[in-house]
1. Search region B:26-45 for residues that are more than 8 Å from every other protein chain (Cβ to nearest Cβ) and crowded, with 18+ Cβ neighbours inside 10 Å and pair each with any residue that is not in a helix (DSSP H, G or I) and not hydrophobic (A, V, I, L, M, F, W, C) when their beta-carbon atoms are under 6 Å apart and the residues are at least 6 apart or on different chains.
2. Considering (1) farther than 29 Å from A:Thr268 by Cα; (2) of a type in the set (Ser, Thr, Tyr); (3) touching a Lys or Arg at 6+ places or on another chain (Cβ under 9 Å), say which one A:Tyr353 fails and leave the rest.
3. Considering A:Val351, A:Val324, which residue is closer than 30 Å to A:Ala494 by Cβ, in contact with an Asp or Glu (Cβ under 8 Å, 6 or more places away or on another chain) and touching a residue at least 24 places away in the same chain (Cβ under 8 Å)?
4. Just give me the residues in region A:76-102 being more than 18 Å from A:Pro444 (Cβ to Cβ) and assigned to a strand (DSSP E or B), in sequence order.
5. For region A:130-154, enumerate the residues that are of a type in the set (Val, Ile, Thr) and either touching a residue at least 40 places away in the same chain (Cβ under 8 Å) or within 11 Å of chain B (Cβ to nearest Cβ) (or both).
6. Can you pull out every residue in region A:197-213 that is within 11 Å of another protein chain (Cβ to nearest Cβ) and assigned to a strand (DSSP E or B)?
7. Return the only residue of B:Gly260, B:Gly241, B:Gly231 being closer than 30 Å to A:Val213 by Cβ and either assigned to a helix (DSSP H, G or I) or away from chain A (no Cβ under 14 Å) (or both).
8. Taking the condition of being within 14 Å of another protein chain (Cβ to nearest Cβ) and modelled with pLDDT under 90, how many residues in region B:267-280 meet it?
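The values are calculated or read from the model by the stated rules, or taken from the named source; none is laboratory data. Owing to the predicted nature of the structure, the values given are computational and were not obtained by experimental measurement. Ideal geometry is used to build each Cβ from the backbone, glycine not excepted, and the neighbour counts take in all protein chains shown.
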Amino acid sequence: MDRIPRRELLKRAGVGIGTLAASQMLPRWLLDRAYAQGTTALTYGMAGGFDTLDVTATTFTRVGRIALHIIDPLVWALGPGQYAPGLATSWTVSPDATAYTFSLRQDVKFHDGTPLTADAVKVTFDRIVDPNTRAQTAFSFIGPYDRSEVVDRYTVRVRFKSPYAAFLDGASSPYLGIISPAAVQKYGQDFGRVVFVGTGPFMLQSYSTDAEVRLIRNPNYAWGAPSFNHQGRAYLESIVYRIVPEDATRLATFETGETLFVEDVPVTDYQRLKNSRDKVLLEIPQAGSGWSLMMNQTRSPTNDLAVRRAMMHAIDKGGLVKTVWNDVFKAACSPLTPNMFGFDAETCRKVPYNPDQAKRLLDEAGWRAGPDGIRVKGSERLRLEFFLQTAPQKNIEMAAFIQANAKQVGIEVNLNVAARPAYLDAVRQGRHNLQFWWETGTDPGQILRILFHSENAGGGTNRNNYRSPEMDRLIQQIDATADPAQRQGLVSKAQQRALDDAVMVYLADPPSLYARDRSVTGVWVDWGGNYPYFFNTRIQR
Amino acid sequence: MLRFVFRRLLLVIPTMVAVSILVFLMLHLVPGDPAIIFFGDQPVTPERLELVRHQMGLDRPLVVQYWDYVRGIPRGDLGRSIRNRTPVLEELRTRIGSSAALALAAFAVAVALGLGLGLLSALRRGTWVDAGAMLVALAGVSMPIFWLAAMLIFVFSLKLGWFPATGFGGWNRLVLPAVALGFVSSATLARLVRSSVLEVLLQPFVTTARSKGLWEAVVIRRHVLKNAFIGVITVMGLQFGTLLSGAVITETVFARPGVGKLLVDAISNKDFPIVQGAVLFIALVYIVLNLLVDLSYAYLDPRIRFE
């Protein structure tokens, strides 16, 4: 090997160091370009993937969040029980709440150029109840649907088999958004997978499973709902939903400007973002039913009313929200969150945290403390089987807190942490005493039906397996009553009944937590906290 | 040689049949009804549940289900997901590209680091260089990948701003996941290279080569490395398979779509066709890799002949 002269060596070293330095600059330069969002594209950090983009068939709230931009709902919900025109300019409801007649806008076109007519509404709704669609969330929202009648080109009447006062609530959700009949016919099973055609202010550009969904502005949009004070095209040219399941990574993309809007902000980042100068935290109390414990009434010992009542008094909800949820969540009182129509504030006084009361109730019912502090009655030990899923991690933290609280009053709680298939097997078959529940929704009747109606017991969603003819009657009356004052009274009664029968333990009411970069303005979120909508959004640098 | 390759390729068929039967049976033995999982926490009547079970084809005898599945394979039809009805082949296709890019980049990192560190520590045995290199390898073996990934994001994305935090689309999004995944697998490789090289260095033919007056670099390249590589290349082959199909944590932390994540999600949803398709793909990858590894033996050691 030849010797290299010193001068040459220094020259080569200089070139090497220079190249290295340049390579250090390169990624930064490329990065700046990659992060340069401009003022026309919004990048959204989404907390997970989903099953299908077909809003009619999905079970995912995230799909509703995206789809709300691609479709238009018939009506918009501006607050509990307050509806404003969407694709429907006006509507009437029959006195018995079994028929709804909608007059449609006459200037609306789908992304494929076909006009919106009454027939499209009929096709959309018929598709929801078609067994082949396997609709889930949309199927719940459409309730006891019977048929749609095309009255004329722009008037449609939707009929129900039984009174259904909650239909406007369903019609305001993205899941009942009107889709293009021509596209459904053309693409069949591929609708929602490769195409998704509605009338909304944005159109689907591309969808990479588990990676991202790209929407571009609908250039022909001229039918913005009056409540948005803006009729024409959206201000943004595109929205990119990037799927970033890991909390820390999603927050990192937000900090670096890789995303400008994020959902599911972890409670651990709550305070930091609240105090941030260039980020804004959006905190909207979630509508529906907060985190709670279902107690199986068909399995001993939770078939004993005293045991269920004792559980209601034994759990320190204030301590739970502080320890597990950093006080970002609020202690819950009722099966309905406080912002729901008909929420009864009286429920907050009814079942206070009182371990002594819990012990008294158990003593009176014959459950005596055994040698290890766990109570027994005859030969039965007071042991509750608690089934929960491995994710989210907060489940396990809450369960451990509940376990410790229950032990204080002599109840043993055995945690069975299982993967989803085994968990669902156990709770659908009723092998549990306890399981968690959490539900979003904006209609009280729908929530109460899911939790308490006997039609959902025995393997359905009422995993309390609670069967009460009085509760069933109340829920049916709520569904059939359109008069607000009367409805409120019924909803209140149902909550009282659920507390008297000690059906569930209500733990924590969550807020929906989103965060936006300060440059992003004009974001609208529905009052239930589920759907951030970017029709009026601008990015101002 | 060609006959050997042809024979090995023919063996793919019975291997794949055995894999498909095993996976099929295992999936059906594990508890959990796909129709119940499909509805999850949504309200459903027994009639709808039965209907979906029928639509998923779960009410047919097991043999019929298996036969229907196998019949499609020669036509390239791996069926459709029973959950969202997407063709399995398409679900795989959309993820293989991303998985392959990550696996190749991570493999490059693993090989460069693993060979470099292993060789360096073997040649400088007993010095601080050896100790340092093995310390790095030890760190790689013991470090949980999710922690390393989070640290890389923290330093290189959040603090220095050199690379994006999420790894999908564009070469600069590939760097952090490739380093995280590659570093962890390089550790095993480094330790293996070190011990193999040390073993060969003690062989009499190395002394002979040196006594002939050969350059040390030539001794190492021609005589030591080639002989030490027989064992190393077997592990490298297996590692590439793991990088391609088992990078679930890396894919999750860096938000990349991939075959590993697809498989894990499909298992938790009991989406039979997807699980079967993904496992068949992974089996095929391993078969091809093993064949390539076997063929490389002949190059590394001329005494090995395939007849």
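1. B:Pro34/B:Lys270
2. Every listed condition holds for A:Tyr353 apart from (1).
3. Of A:Val351, A:Val324, the one residue that is closer than 30 Å to A:Ala494 by Cβ, in contact with an Asp or Glu (Cβ under 8 Å, 6 or more places away or on another chain) and touching a residue at least 24 places away in the same chain (Cβ under 8 Å) is A:Val324.
4. A:Trp76, A:Ala84, A:Pro85, A:Ala88, A:Thr89, A:Ser90, A:Trp91, A:Thr92, A:Ala99, A:Tyr100, A:Thr101, A:Phe102
5. Those that are of a type in the set (Val, Ile, Thr) and either touching a residue at least 40 places away in the same chain (Cβ under 8 Å) or within 11 Å of chain B (Cβ to nearest Cβ) (or both): A:Thr133, A:Thr137, A:Val151.
6. A:Tyr207, A:Ser208, A:Glu212
7. B:Gly260
8. The number of residues fulfilling the criteria is 6.
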